[in-house]
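Structure, as structure tokens:
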Amino acid sequence: MRKLFRLCTALIPVAALQAAPAQAAYPEKPVKIIVPFAPGGIADGTARLIAAELSARFGQTVLVENRPGGAAIIGTQAVAKAPADGYTLLMGSTNVSTNGALYKKLPYDADKDLTPVALALTLPGAIITHPSLPVKNFGELIAYARRNPEKISYASVGLGSFSHLAVEGLTQRASVKMVHVPYKGYAPAITSVLSGETQLLASDLQGALPYLQAGKLNVLAVTGSKRVSVLPDVPTVQEAGIKDYQAVAWLGVLAPAGTPAPIVSLLNAEINKAMQKPSVLQRYTEQGIDLFNGDPNAFRKFLDENRAAWERIIKTANISLE
């Protein structure tokens, strides 16, 4: 037994040396980024931008595969259960932060089954209103809502969506009551505000800008921690008087838990390079989107804080989806 132990011990360095070149050669075959949404939209577009940049840098094909459905659960599960070898990645979104609190049963545990690779961007929302609502600024909105509980109806793109939770968090912090009207997607939600069927929406800037620039809708505040360059005169919700309020959506790349640290570090570095290209920076910042440039630990810290913030809102409102 002693001889066998010495033999096995002697073989450990050899095995390590044999494994090292295989890892260093990553990627040796095509890499797949799963987008848990249908083609089109910012998640799909960002995934394809990253895939193209990685393909060029790695000299290896990086594919994008759309697996929509189930509030991003289907695509997220596919990655959470995939081999932890760096060849199956997730274009994660705010759903990673919220689904654990929204759903009683999930086929995965995002905190345990996924590892953060690179946070690509964060997207503040904009509180937009129909011109018929008799308010000129955010302060007047809150004052009006307090005088007229449940008279303001707000649209969302669905239960548990960013547009729902951002306003829910706002009403909690401001101690006001509004009526939630969920729609199936952004198009019917924004149409309802444009027509005056509802009066308010926490919209992403990308979708709202054309209507704001055309004067069809009003913008009262942005939901991030700072003002955005495309709307420099619009205050944040915090500046407008609701302290400690912040609501941002996000997109980032995650991998199955247990993916080797050197692969995670390599992907992080290359994704950061791709998102920090001048042309990419300009393209996104013109839409009021913030690009991130941090390591996986910074992404983990962001995820923990983001998840905790959304969970407080969800639990306070007693929102539960099946």
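The values are calculated or read from the model by the stated rules, or taken from the named source; none is laboratory data. None of these values were measured; they are calculated from a predicted model. Backbone-built Cβ (ideal geometry, glycine too); neighbour counts: all protein chains shown.
Looking only at residues of the range 238-293 that are of a type in the set (Ser, Thr, Tyr) and more than 18 Å from the chain's Cα centre (by Cα), we find that the one that is farthest from PRO27 (Cα to Cα) is SER279.
A count restricted to the range 202-237 and to residues that are surrounded by fewer than 18 Cβ atoms within 10 Å (Cβ to Cβ), within 19 Å of VAL135 (Cα to Cα) and outside the structural domain of TYR183 (by TED's automatic domain parsing) stands at 2. Keeping to the range 50-65, report how many residues are in contact (Cβ under 8 Å) with a residue 24 or more places away in the chain, closer than 17 Å to ALA38 by Cβ and buried (at least 18 other Cβ atoms within 10 Å of the Cβ). Count: 1. Being surrounded by fewer than 23 Cβ atoms within 10 Å (Cβ to Cβ) and either out of contact with any strand residue (DSSP E or B) (no Cβ under 6 Å at 6 or more places or on another chain) or over 30 Å from LEU49 (Cβ atoms) (or both) is the requirement here; does SER132 meet it? Yes: the conditions hold for SER132. Assessment of the range 214-221 against the conditions (in a strand (DSSP E or B), more than 30 Å from LEU114 (Cα to Cα), modelled with pLDDT of 95 or more and among the polar types (S, T, N, Q)) yields at least one matching residue. Can you name the helices (runs of 4 or more DSSP H) wholly within the range 243-322 that have at least 3 residues being modelled with pLDDT of 95 or more and among the aliphatic types (A, V, I, L, M)? Here the list reads 261-275, 296-317.
State whether one or more residues within the range 145-166 are surrounded by 21 or more Cβ atoms within 10 Å (Cβ to Cβ), of a type in the set (Phe, Trp, Tyr), modelled with pLDDT of 95 or more and not in a helix (DSSP H, G or I). Scanning the range 145-166, I find at least one residue that is surrounded by 21 or more Cβ atoms within 10 Å (Cβ to Cβ), of a type in the set (Phe, Trp, Tyr), modelled with pLDDT of 95 or more and not in a helix (DSSP H, G or I), so the answer is yes. For the range 169-189, the criterion of being at pLDDT below 95, in contact with a Phe, Trp or Tyr (Cβ under 8 Å, 6 or more places away or on another chain) and outside the structural domain of LEU49 (by TED's automatic domain parsing) is met by no residue. Considering GLY69, GLY75, GLY40, the condition of being modelled with pLDDT of 95 or more and either of a type in the set (A, V, I, L, M) or under 30 Å from GLY185 (Cβ atoms) (or both) is satisfied by GLY75 alone. List the pairs whose first member sits in the range 252-269 and is in contact (Cβ under 8 Å) with a residue 12 or more places away in the chain, whose second member is part of a helix (DSSP H, G or I) and among the polar types (S, T, N, Q), and whose Cβ atoms are under 8 Å apart, counting only residues at least 6 apart or on separate chains? Sorted first by the residue in the range 252-269, then by its partner, the pairs are PRO260/GLN23; PRO262/GLN23; ILE263/GLN23.
Restricting attention to the range 167-201, the residues that are surrounded by 15 or more Cβ atoms within 10 Å (Cβ to Cβ), in contact (Cβ under 8 Å) with a residue 60 or more places away in the chain and small (Gly, Ala, Ser) total 2.
None of VAL96, VAL117 is of a type in the set (A, V, I, L, M), buried (at least 20 other Cβ atoms within 10 Å of the Cβ) and more than 15 Å from ASN306 (Cα to Cα) except VAL117. On the basis of being over 28 Å from ALA308 (Cα atoms), in contact with a strand residue (DSSP E or B) (Cβ under 9 Å, 6 or more places away or on another chain) and not assigned by TED's automatic domain parsing to the domain that holds LEU159, does SER55 make the cut? The answer is yes for SER55. Among residues of the range 303-321 that are under 12 Å from LYS104 (Cα atoms), those with a beta-carbon under 6 Å from a residue that is in a helix (DSSP H, G or I) at least six positions away or on a different chain give the pairs LEU321/LEU102.
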